[in-house]
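Here's the structure, in structure tokens; my notes come after.
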Ligand SMILES: Cc1ncc(COP(=O)(O)O)c(C=O)c1O
């Protein structure tokens with residue numbers, strides 16, 4: 001069978017043998033009664049790692065973000081986020097559908113916006129005819145911007161602004177682990193600036209499913225109720241939580257390898273004709289490519305015919321994501337495939 005190099009997303013990874021073994025041996029119980037020892041252990045471990053009082057295991061990153069927003073707001077409230085934020089672009093309109101929220105969008109640079117930009121959008125409390133600004137949301141790393149990192153000084157300044165205006169501050173940290181590995185700033189150091197955080201186990205960390213949300217004990221108590229109401233109460237979920245626990249304990253430092261693969265890929269591709277690569281954007285494991293003489297669809301089809309799967313980002317942009325199931329050799333091979341395609345248009 002022809003080998004497929006799948007760079008569509010870091011969500012395509014399959015559990016390793018060691019992870020499967022941990023899943024196989026997991027002790028389980030009914031988690032809706034809070035009697036699943038492995039899910040309980042995962043939540044305790046994750047809360048400690050994130051420096052928060054409590055954590056909750058949820059089926060997906062979308063559910064994590066949406067539960068957090070639901071707990072922090074009332075219908076008719078407004079959430080300020082970046083224009084390419086996952087909660088705006090890729091969560092099926094659920095801030096409006098599930099929580100009656102409207103989003104106010106900030107035009108960030110590579111996914112990063114400043115406190116000055118946000119302050120001008122905060123609505124005065126006295127304006128009863130306007131939506132109430134309630135939450136500022138930050139995505140770190142920023143997916144649609146290309147895996148970019150939000151500088152910690154900027155996060156601190158945004159956090160102070162949120163406090164000044166009595167707003168909540170939420171982190172979509174689906175890939176906070178990637179940011180942490182690059183900057184050396186621990187997940188807890190990032191998380192301390194936020195009221196709520198949502199982090200994925202099923203992306204670069206390689207678990208088959210699951211996210212963690214974290215905050216105060218009271219916040220998680222309310223989140224537990226919302227998760228149940230949205231059908232996210234799980235039973236003998238320790239089988240899956242064991243994978244998440246394994247991922248957190250074993251797979252964070254190895255993300256550096258994915259970043260090195262992304263750097264190799266983008267550096268080599270940036271030297272090719274008929275292809276634009278924003279190398280400054282490549283800070284973690286995501287690479288954005290724009291083909292110059294071929295449509296995105298045609299480029300993707302030609303890659304696919306050669307066994308290379310890539311994804312899409314913004315209009316006209318192709319997204320490649322490195323992860324644990326592609327090797328350095330696979331990346332070299334992917335470069336050769338793309339070189340052949342773009343060179344045929346010289
Ligand atoms: C930044 C960000 N937040 C949230 C999610 C949602 O995660 P899930 O696919 O587990 O719902 C993703 C998924 O790609 C993401 O990139």
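Can you find a residue in segment 32-47 that is closer than 30 Å to residue 300 by Cα and either in contact (Cβ under 8 Å) with a residue 60 or more places away in the chain or in contact with a helix residue (DSSP H, G or I) (Cβ under 9 Å, 6 or more places away or on another chain) (or both)?
No, segment 32-47 contains no residue that is closer than 30 Å to residue 300 by Cα and either in contact (Cβ under 8 Å) with a residue 60 or more places away in the chain or in contact with a helix residue (DSSP H, G or I) (Cβ under 9 Å, 6 or more places away or on another chain) (or both).
Inspect segment 278-293 for any residue being more than 27 Å from residue 343 (Cβ to Cβ), touching a residue at least 12 places away in the same chain (Cβ under 8 Å) and not assigned by TED's automatic domain parsing to the domain that holds residue 181 and give the result as yes or no. First the steps, then the outcome.
Within segment 278-293, the subset more than 27 Å from residue 343 (Cβ to Cβ) is 283-284.
In the following step, the residues that additionally are touching a residue at least 12 places away in the same chain (Cβ under 8 Å) were identified as 283-284.
Checking the rest, the ones that are also not assigned by TED's automatic domain parsing to the domain that holds residue 181 come to 283-284.
Yes, because at least one residue in segment 278-293 is more than 27 Å from residue 343 (Cβ to Cβ), touching a residue at least 12 places away in the same chain (Cβ under 8 Å) and not assigned by TED's automatic domain parsing to the domain that holds residue 181.
Of all residues in segment 87-102 being touching a strand residue (DSSP E or B) at 6+ places or on another chain (Cβ under 9 Å) and surrounded by fewer than 20 Cβ atoms within 10 Å (Cβ to Cβ), which is nearest to residue 137 (Cα to Cα)? Lay out the reasoning, then the answer.
Narrowing segment 87-102 to residues touching a strand residue (DSSP E or B) at 6+ places or on another chain (Cβ under 9 Å): 87-88, 95-96, 99-102.
Checking the rest, the ones that are also surrounded by fewer than 20 Cβ atoms within 10 Å (Cβ to Cβ) come to 88, 96, 100, 102.
Values: 88: 11, 96: 15, 100: 16, 102: 13 Å.
Filtering segment 87-102 for residues that are touching a strand residue (DSSP E or B) at 6+ places or on another chain (Cβ under 9 Å) and surrounded by fewer than 20 Cβ atoms within 10 Å (Cβ to Cβ), the one nearest to residue 137 (Cα to Cα) comes out as 88.
Report whether or not residue 207 is within 23 Å of residue 6 (Cβ to Cβ), within 11 Å of the ligand (Cβ to nearest atom) and either part of a strand (DSSP E or B) or in contact with a strand residue (DSSP E or B) (Cβ under 6 Å, 6 or more places away or on another chain) (or both). So that I can check it myself, show each step before the final result.
Values: within 23 Å of residue 6 (Cβ to Cβ): yes; within 11 Å of the ligand (Cβ to nearest atom): yes; either part of a strand (DSSP E or B) or in contact with a strand residue (DSSP E or B) (Cβ under 6 Å, 6 or more places away or on another chain) (or both): no.
Answer is no for this residue.
Out of all the residues in segment 266-294, which are under 15 Å from residue 331 (Cβ atoms) and over 21 Å from the mean Cα position of the chain (by Cα)?
267, 268, 269, 270, 271, 272, 277
In segment 211-239, which residues are more than 27 Å from residue 192 (Cα to Cα), touching a residue at least 12 places away in the same chain (Cβ under 8 Å) and in a helix (DSSP H, G or I)?
238, 239
Here are 35, 43: which of them is within 30 Å of residue 217 (Cβ to Cβ), away from the ligand (no atom under 16 Å from the Cβ) and crowded, with 21+ Cβ neighbours inside 10 Å?
Working: 35 fails: crowded, with 21+ Cβ neighbours inside 10 Å.
Unique residue meeting the criteria: 43.
Would you confirm whether or not segment 328-336 contains a residue that is within 25 Å of the chain's Cα centre (by Cα) and modelled with pLDDT under 95? Don't jump to the end; show me each part of the working.
First, the residues of segment 328-336 that are within 25 Å of the chain's Cα centre (by Cα): 328, 330-331, 334.
Within this subset, residues satisfying the condition of being modelled with pLDDT under 95 are none.
No, there is no match, as no residue in segment 328-336 is within 25 Å of the chain's Cα centre (by Cα) and modelled with pLDDT under 95.
Residue-wise test of (1) touching a helix residue (DSSP H, G or I) at 6+ places or on another chain (Cβ under 8 Å); (2) assigned to a strand (DSSP E or B).
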residue: 272; (1), (2): yes, no
residue: 288; (1), (2): yes, yes
residue: 294; (1), (2): yes, no
residue: 316; (1), (2): yes, no
residue: 334; (1), (2): yes, no
residue: 342; (1), (2): no, no
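Applying the selection to segment 49-69, what residues are more than 7 Å from the ligand (Cβ to nearest atom) and assigned to a helix (DSSP H, G or I)? If you could, list the steps in order and put the result at the bottom.
The initial filter retains those residues of segment 49-69 that are more than 7 Å from the ligand (Cβ to nearest atom), namely 49-59, 64, 66-69.
Answer for segment 49-69, where residues must be more than 7 Å from the ligand (Cβ to nearest atom) and assigned to a helix (DSSP H, G or I): 49, 64, 66, 67, 68, 69.
Is at least one residue of segment 73-80 closer than 20 Å to residue 200 by Cα, crowded, with 19+ Cβ neighbours inside 10 Å and within 16 Å of the ligand (Cβ to nearest atom)?
Pass one, segment 73-80, residues closer than 20 Å to residue 200 by Cα: none.
Checking segment 73-80: not a single residue is closer than 20 Å to residue 200 by Cα, crowded, with 19+ Cβ neighbours inside 10 Å and within 16 Å of the ligand (Cβ to nearest atom).
If we keep just the residues of segment 241-273 that are surrounded by 17 or more Cβ atoms within 10 Å (Cβ to Cβ) and touching a strand residue (DSSP E or B) at 6+ places or on another chain (Cβ under 8 Å), which is farthest from residue 28 (Cα to Cα)?
Among those that are surrounded by 17 or more Cβ atoms within 10 Å (Cβ to Cβ) and touching a strand residue (DSSP E or B) at 6+ places or on another chain (Cβ under 8 Å), it is 269.
I'd like to check something: does segment 178-186 contain any residue that is modelled with pLDDT of 95 or more, away from the ligand (no atom under 16 Å from the Cβ), closer than 20 Å to residue 65 by Cβ and in the same structural domain as residue 66 (by TED's automatic domain parsing)?
No, segment 178-186 contains no residue that is modelled with pLDDT of 95 or more, away from the ligand (no atom under 16 Å from the Cβ), closer than 20 Å to residue 65 by Cβ and in the same structural domain as residue 66 (by TED's automatic domain parsing).
The values are calculated or read from the model by the stated rules, or taken from the named source; none is laboratory data. None of the values given here were measured: they were computed from a predicted structure. All Cβ positions, glycine included, derive from the backbone under ideal geometry; neighbour counts span all protein chains shown.
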